[in-house]
Amino acid sequence: MSEVQVRRKQFAVRKLPGFQSTAVLCFVLLYAPIAALVIYSFNAGTNIALWEGFSLKWYHVAWQNEQVQEVTIRSFIIASVASFSATLLATLAALGTTRTENYRGRTAIYALINQPLMVPEIVTGVALLIFFAIIKTVTGYHGLFYLMLAHTAFCIPFAYLPIRARLEGMDISLETAAQDLYATPWMTFRRITLPLLWPGVLAGAMLAFVISLDDVVITELVKSAGQDTLPTYMLGQLRRGVTPEVNAISSALLGVSILLVSLFYILRNR
């Protein structure tokens, strides 16, 4: 083994000078504001910067707020529809770009699917705003369907990546063996591919759900009057003044996001 190979083998990032202090600083900058948000959501007083005792008062206030209930239900409906639609389309796209022979334009299709990840969200939001404004003018329809379509389009690449990664990590010999045993393409997919792909599909669906549930920019640009979701409702409340009720809502939304993202990682590791 050469001297260069020995040096590469012995190299470890954690041994670099200042690594530990830099890592601690990064974690503090990332999570200290979130920790403060969660702690002050249990504040008994009305001042967000002055601790006046522990209380679940603001969680109760948020739970009893009819407007919060309305926007929460609307957010979960939109996120569920967008997650299901995006996952279905992402699964088909992943199968079309991994379980087929190489063809011209395959790389371009991959780039187009992941376009929302590369383009700033505000650009995607403005483009959807203009596109849907034209349709609204022609049809006169201003319902939630536009928000569902916008969230679906934005969530497709987030569902596509874990599903594609799962497909690329699967043993294709099992599908080949099924075909050798005279299984039809649909039977091979239903009995072999889909059961093995299922953890990736669930992970993609949960990731798409979280992205849709937390989205503000696209929702703010596409929604019509009276179509606030939970994040846009919170944004409106912040413009009027921050109260511990907003902290409580934010902490609850954070808890849901952490739960879903944790499930996503567990399923992806499986």
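The values are calculated or read from the model by the stated rules, or taken from the named source; none is laboratory data. Predicted, not measured: the structure shown is a model, and the values here were computed from it. No Cβ is skipped: glycine too gets one built from the backbone with ideal geometry, and neighbour counts run over all protein chains shown.
Figures for the structure shown
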{"quantity": "Test result for Ala177, outside any helix (DSSP H, G or I), surrounded by fewer than 20 Cβ atoms within 10 Å (Cβ to Cβ) and hydrophobic (A, V, I, L, M, F, W, C)", "calculated": "no"}
{"quantity": "Subset of the stretch 67-115 [in a loop (DSSP other than H, G, I, E, B) and small (Gly, Ala, Ser)]", "calculated": "Gly105"}
{"quantity": "Selection status of Tyr59, among the aromatic types (Phe, Trp, Tyr) and surrounded by fewer than 16 Cβ atoms within 10 Å (Cβ to Cβ)", "calculated": "no"}
{"quantity": "Considering residues of the stretch 143-174 that are in a helix (DSSP H, G or I) and small (Gly, Ala, Ser) only, the residue surrounded by the most Cβ atoms within 10 Å (Cβ to Cβ)", "calculated": "Ala159"}
{"quantity": "Unique residue being surrounded by fewer than 10 Cβ atoms within 10 Å (Cβ to Cβ) and more than 26 Å from the chain's Cα centre (by Cα) when the list is Glu52, Glu66", "calculated": "Glu66"}
{"quantity": "Candidates Leu16, Leu25, Leu29 - the one that is loosely packed, with under 13 Cβ neighbours inside 10 Å, within 20 Å of Asn247 (Cβ to Cβ) and outside the structural domain of Val246 (by TED's automatic domain parsing)", "calculated": "Leu29"}
{"quantity": "Residue within the stretch 107-114 that is of a type outside the set (A, V, I, L, M, F, W, C), modelled with pLDDT of 85 or more and closer than 23 Å to Asp214 by Cα present", "calculated": "no"}
{"quantity": "Set Arg239, Arg190: member being within 30 Å of Thr72 (Cβ to Cβ), free of Cβ contacts under 8 Å to residues at least 12 places away in the same chain and part of a helix (DSSP H, G or I)", "calculated": "Arg239"}
{"quantity": "Breaking point among (1) part of a helix (DSSP H, G or I); (2) of a type in the set (S, T, N, Q); (3) surrounded by fewer than 20 Cβ atoms within 10 Å (Cβ to Cβ), for Ser224", "calculated": "(1)"}
{"quantity": "Check on Val210, surrounded by fewer than 18 Cβ atoms within 10 Å (Cβ to Cβ), under 30 Å from Leu129 (Cα atoms) and modelled with pLDDT of 85 or more", "calculated": "no"}
{"quantity": "Residue in the stretch 122-134 that is among the polar types (S, T, N, Q), within 30 Å of Pro231 (Cα to Cα) and outside any helix (DSSP H, G or I) present", "calculated": "no"}
{"quantity": "Qualifying residue in the stretch 73-94 (condition: touching a helix residue (DSSP H, G or I) at 6+ places or on another chain (Cβ under 9 Å), more than 29 Å from Gln227 (Cβ to Cβ) and surrounded by fewer than 13 Cβ atoms within 10 Å (Cβ to Cβ))", "calculated": "no"}
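Conditions (1) more than 27 Å from Leu112 (Cβ to Cβ); (2) in contact with a Gly (Cβ under 9 Å, 6 or more places away or on another chain); (3) of a type in the set (Val, Ile, Thr); (4) in the same structural domain as Phe131 (by TED's automatic domain parsing), marked per residue:
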position: Ile156; (1), (2), (3), (4): no, no, yes, yes
position: Val201; (1), (2), (3), (4): no, no, yes, yes
position: Ile218; (1), (2), (3), (4): no, yes, yes, yes
position: Ala248; (1), (2), (3), (4): yes, no, no, yes
